[in-house]
Amino acid sequence: MSETTTGAGAPAREPVRAPARDSARDDASPGVPPAAHPVRLTVNGEAHDLAVDPRATLLDTLRERLRLTGAKKGCEHGSCGACTVLVDGRRVVSCLALAVACDGREVTTIEGLAAGGRLHPLQQAFLDADAFQCGYCTPGQIMSGVGLMAEGRARDDASLRDELSGNLCRCGAYPNILAALRRTTGIEPAPDATRGDDRLRAAAGVDEIARDARDGAGQGGA
Ligand code: FES
Ligand code: FES
């Protein structure tokens, strides 16, 4: 009897076979990068034909191949939002998107927002509302804001907070970031928003820092 059984009533097992050969994988030796793939990315209206490593992220491709360093590298895990760009008008964390997956698509980065020498209204609002300190998170915050407006998700104050919750700011500039978005969208703060903003300001020490700076200036300190 040639059939192998595993016990009473148990069905015969399939013999274990070696996996089918995959010629593409067989060509890849440890330490040897896979073959580059041709892609066409249209970035800020300009078409780029590139040969990219299939493992390359959109973020690295923008920063290292196209020298567009506005999108920032923060966590590289999709958690901080610093790398946010628009792909076909929708928000994408570019550290988690493969460049090859963006073949043929339209990418917009912070460098492509201004038009005709004029800042995008949200960029101007960030300046007017003093919505940044170190500025590292700012391109991602602005791209998220532009994206959420384009996606029709700027409905009320709560939705602004909710939609921006994936964009972290280590400097705690959240109250002013929200103020910039409210100015641009015309959305009024929710009744309890000021209280929440005060808590954020207190947590970030914003008022203490401003007071110390004023005191130092008043005393002519170094
Ligand atoms: S660097 Fe992409 S989400 Fe943080
Ligand atoms: S302004 Fe510094 S991290 Fe947001």
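When the stretch 66-93 is filtered for residues that are exposed (fewer than 15 other Cβ atoms within 10 Å of the Cβ) and more than 7 Å from ligand 1 (Cβ to nearest atom), the ones remaining, listed by number, are Arg67, Thr69, Asp88, Gly89, Arg90. Kindly establish whether Gln133 is modelled with pLDDT of 95 or more and surrounded by 17 or more Cβ atoms within 10 Å (Cβ to Cβ). Yes, satisfied.
Please tell me if Glu106 is surrounded by fewer than 14 Cβ atoms within 10 Å (Cβ to Cβ), away from ligand 1 (no atom under 16 Å from the Cβ) and touching a residue at least 60 places away in the same chain (Cβ under 8 Å). Answer is no for this residue.
The values are calculated or read from the model by the stated rules, or taken from the named source; none is laboratory data. Keep in mind the model is a prediction, meaning the values are calculated, not measured. Backbone-built Cβ (ideal geometry, glycine too); neighbour counts: all protein chains shown.
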